[in-house]
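The next block holds one structure in the form of structure tokens; read it before the comments.
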Amino acid sequence: MNVVEEKIDDLNAILRVQISPEDYSEKVNKTMATYRKEANIPGFRPGKVPMAVIKKKYGKAILAEELNKVVNASLNDFITTNKIQVLGNPLPKDDAEVKGDFTNPTDFEFVYEIGISPEFEVELSKKNKFDYLKVDINKEMLDKEIDSLAKRYGSLTASEKASATDMLIGEFVQKDGDIKNTSTISLEFTEDEKAKKKLIGKKVGDTVVLDPKTVSKGADDLASMLAISKEEAEALTGDFDFNITEIKTMVPAAIDQALFDKLFGEGTIKSEEELRAKISEDLTRMFSNDSDRLLTQSVTDALVEKTNFDLPETFLKKWILASSKEEITAAQVEADFDNYKKSLKWQLIQNKIIKDNDIKVENAEIIEYTKGLLVNQYAQYGMPAPEDAELEEQVKSVLQNQEEANKIYDNVYSVKMMNFFKETVKLNEKELPYDDFIKEAYSKN
């Protein structure tokens, strides 16, 4: 067998795969013999079918299958040996005729086209400056967090008169229908000001006429409130009587040692000042992943925009059309090609960074990362992690799932890339108010 490369330009080439009988005859004959042993053809005993019958019935299909194997192996060997960085896979050339006769097989020639990865350099250094966005964890934010903790660990007490932050328990009764259900209204989270005004100041035993939609958070919440289906909730119109049976006032927990011990264990936190420092530390850690993700996205966007190289676009469009698992048209490929090109460009840049800077992910790192994921899962359910030997068995089980293993490898590489960016570029730390930070974080999704 022989493979001849014909360069079209720096990004495109033709590969001619020349196959002689010595490359395929033995394999074809061996497969024919296997077919003869296993063929079940009326009029012949198993294993006694004449070879001429096998050749006539299966010969061309067997030849095509074996030639396909030989051609694929030849292409792979040639590409690997010559270190050609191909994009996608070789494609049979549309307008090229296969040279060779399947009826009287001798020499064959198959013609393929390939797309070649471009040569380029990635420029990234301390000359490149990027904002590293962080949340401004200020006094107002800490006050809200402490207030939230106090309420979460507070207690509900009975009240006779409703205030703006109370919870009302009562029975909804449909005026012109059969719906009747006991539920609650939280005035603190009621957004409809008219409905809220109606309820503030009311007492146990009072009845208020209102539209339940004004005190719910959409169809799902309304369905739960009235014990009806979501479809019924979406179609519901009209007012209900709300008969108030209880009013509950939230009394926040005292910010004292008892609360500190309940939150963090006995003696860990000893003052409100220490509590604020602990909350600030936890919030900083919580938002750090978003900060890192925003930095990675900024660097990615900048590199894709500023790293200039061409791609074999005509070839890539053909390859996408030929390799898509779902049925697509040339028009669909064309419409989405800019997005595909941007994604491929980043993939090539990322691979270049990984290769040039010898960024590697070792198996031990994958195991430790997976352990961390499992330990966090146990913690979320309030359960202690198992002993190390059992944890290692669970890690093996997770990594045997190829899809999960690939995700974990990608995550570890992403962390390494992010750390590389942090070490390589100049960072301008910039604190934003919480709302502005969240807006930035979600705008990049």
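Read-outs: derived from the displayed coordinates by stated rules, not from any lab. Predicted, not measured: the structure shown is a model, and the values here were computed from it. Methodologically, a virtual Cβ is constructed for each residue, glycine included, from the backbone with ideal geometry; neighbour enumeration extends over all protein chains shown.
A compact table of results
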| item | result |
| --- | --- |
| Neighbour-count ranking [beta-carbon atoms within 10 angstrom, fewest first] of LYS139, LYS270 | LYS139, LYS270 |
| Relative contact order (percent, whole number), the chain, Cα cutoff 8 Å, 6+ residue spacing | 18 percent |
| Stretchable slack from GLU281 to GLU390, in nm (0.36 nm times residue separation minus alpha-carbon distance) | 36.0 nm |
| Förster-model FRET efficiency, 60 Å R0, TYR442 and ALA64, C-beta, rounded to 0.05 | 0.65 |
| GNM top mover of GLY205, GLY43, GLY154 - the chain, alpha-carbon springs below 10 Å | GLY43 |
| Order by protection proxy (mean Cβ within 10 Å, highest first), peptides 425-436, 59-70 | 59-70, 425-436 |
| Hypothetical label at LYS151: residues of segment 283-303 whose amide nitrogen lies under 20 Å (7 Å Cα-Cβ projection) | 283 |
| Sequence-distant residues sharing a close amide H with LEU87 (under 5 Å, placed H) | GLY115, ILE116, SER117 |
| Cα radius of gyration and Dmax for the chain (Å) | 34.6, 101 |
| Most mobile listed residue (LYS306, LYS352, LYS180) in the chain, GNM with C-alpha springs under 10 Å | LYS180 |
| J(HN,Hα) series, segment 411-419, from Karplus relation 6.51 cos²θ - 1.76 cosθ + 1.60, nearest Hz, glycine and proline x | 5, 5, 4, 4, 4, 5, 5, 4, 5 |
| Helix-only [θ]222 nm of the chain, DSSP H runs n ≥ 4, -39500 (n - 2.57) each, per residue, nearest 500 | -17000 deg cm²/dmol |
| Prolate/oblate/rounded call for segment 203-302, Cα gyration tensor, a/c under 1.5 rounded | oblate |
| Given LYS27/LYS325; LYS134/LYS213; LYS126/LYS430; LYS139/LYS161; LYS144/LYS439; LYS352/LYS422, the pairs whose alpha carbons are separated by over 29 Å | LYS27/LYS325; LYS134/LYS213; LYS139/LYS161 |
| Principal-axis tilt of helix 434-443 within the chain, Cα atoms, nearest 10 degrees | 30 degrees |
| Euclidean distance of C-alpha centroids, segment 186-209 and segment 244-298, integer Å | 31 Å |
| Degrees between helix 330-356 axis and first principal axis of the chain (Cα, 0 to 90, nearest 10) | 90 degrees |
